[in-house]
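Structure record follows, encoded as structure tokens.
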Amino acid sequence: RRVVCVTHQSECHQCLLKPSCVYSYVFETPAGKEPLLEKINAAPHPYVLHPLATSGKHYAAGESFELYLTLLGKAVAHLPYLIHAVQQMGERGIGKYDGRFTLTTLEQESAAGAGDWQMIYAPGRGLRALAAVVPAIPAAPAAVRVAFHTPYRATHDNRLVHEGRFGFQAFMVGLIRRVSLLHSQHADGDLVADFKGLSELASQVVMSEQALRWYEWARYSNRQQTKVQMGGLLGSFVVSGDALAVFWPWLWLGQWVHAGKGAVMGMGGYTLDCYTGKKA
């Protein structure tokens, strides 16, 4: 906000420049007029930050660390602003003791999941971003293991979903809704989903080998000036059945947008492995 704000107003909602403001679009994404957004005040943000790999770690002077960021849809065009914001973050300091850092290089994956990273920016050199590529969706397997590597946090009937209350139907409906909202707000074209029909079909998907456990952690909220509990589920489960093919594209794309609450902070991240009958 400090990087892009030119009016210096204390609040954004009455700002004349809000419709064209990069900060508003990325971090306080206003809800559009699409049917999916009628009952909420804000749309999902077009990014996923992955800070958990560095969470709780201490770094000595001169030691390096990596920070991962996923940009979605139209937000890719705002990459230069985010690079500058990270540089300013390093100058101001982060962590309990305001540790300073310098951005040395920026790498971009040629395609999501390809594992091919290319340097596109370094201080003193121009930005040469690669074209954004939608992940190619492979053929659906007969069964797949879904493994959460960051806590999945969700509510059902106003109650937190613990391991005993987790179900594929609610998980899948929430993921489809998230992907649909992201698409309607940050991509071109319409993405129409029959939520009622998909919800009924999701009940036919067989879930087995559920090995989920609750993981409790908290983060400090600068806005609320207090710690906020952010516990969620870790572990894995297997899904199979003829209906799995219908949900496979949503599941595949969900690996990059994450699922559940706190997705922009890296929560609800999962990977998919074709199931072979042996525990992963």
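The values are calculated or read from the model by the stated rules, or taken from the named source; none is laboratory data. Bear in mind the structure is a predicted one, so any value in this text is a computation, not a measurement. Here the Cβ is made from the backbone with ideal geometry for all residues, glycine too, and neighbour counts use every protein chain on show. SASA here: full protein model, heavy atoms, side chains in, ligands and nucleic acids out. Shrake-Rupley method; radii C 1.70, N 1.55, O 1.52, S 1.80 Å.
Quick look at the values:
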{"item": "For region 115-131, 3J(HN,Hα) per residue [Karplus equation, 6.51 cos²θ - 1.76 cosθ + 1.60, θ = phi - 60°, Hz, x = Gly/Pro]", "result": "x, 9, 9, 10, 6, 10, 7, 8, x, x, 10, x, 7, 10, 6, 7, 5"}
{"item": "Largest to smallest principal axis extent of the C-alpha atoms in the chain, angstrom", "result": "53, 45, 40"}
{"item": "The chain: most fluctuating residue of P249, P19, P135 per GNM, C-alpha cutoff 10 Å", "result": "P19"}
{"item": "Chain lengthening between A193 and W214 when straightened (0.36 nm per residue, less Cα-Cα)", "result": "4.5 nm"}
{"item": "Residue-level accessible surface for C21, protein heavy atoms, 1.4 Å, Å²", "result": "40"}
{"item": "Heavy atoms of H84: accessible area, 1.4 Å probe, square angstrom to 10", "result": "80"}
{"item": "Kirkwood Rh, angstrom, region 62-108 [1 / mean 1/r, Cα pairs]", "result": "11.9"}
{"item": "Rounded to the nearest 20 debye, dipole of the chain from Cβ charges on Lys, Arg, Asp, Glu", "result": "740"}
{"item": "Region 169-220: radius of gyration and largest Cα-Cα distance (Dmax), Å", "result": "15.1, 40"}
{"item": "Accessible surface of the chain, 1.4 Å probe, proportion on carbon and sulfur as whole %", "result": "53"}
{"item": "Per residue accessible area in Å² of region 175-227, where ligands, DNA and RNA are left out and the probe is 1.4 Å", "result": "66"}
{"item": "Q210 long-range amide H proximity, modeled H, under 5 Å", "result": "V238"}
{"item": "Computed log₁₀ I(q)/I(0) - Debye formula, equal Cα scatterers, no solvent, region 175-252, q 0.16, 0.22 Å⁻¹", "result": "-0.87, -1.03"}
{"item": "Alpha-carbon gyration tensor eigenvalues x 5, square-rooted, for region 97-166, Å", "result": "36, 23, 10"}
{"item": "T271, T70, reordered so the largest accessible area comes first (probe 1.4 Å)", "result": "T271, T70"}
{"item": "Computed FRET value (nearest 0.05) for W117 with H13, which takes r as the C-beta separation and R₀ as 35 Å", "result": "0.35"}
{"item": "Globularity index of region 96-225, i.e. its alpha-carbon radius of gyration over 2.2 N^0.38 Å", "result": "1.43"}
{"item": "17 Å Cα cut-off, lysine pairs counted over the chain (separation 8 or more, or different chains)", "result": "5"}
{"item": "Solvent accessible area, Å² - D98, 1.4 Å probe, full protein context", "result": "80"}
{"item": "Most to least accessible of Y81, Y270 (protein chains only, probe 1.4 Å)", "result": "Y81, Y270"}
{"item": "Over region 38-174, equivalent-ellipsoid semi-axes from the Cα gyration tensor in Å", "result": "32, 22, 17"}
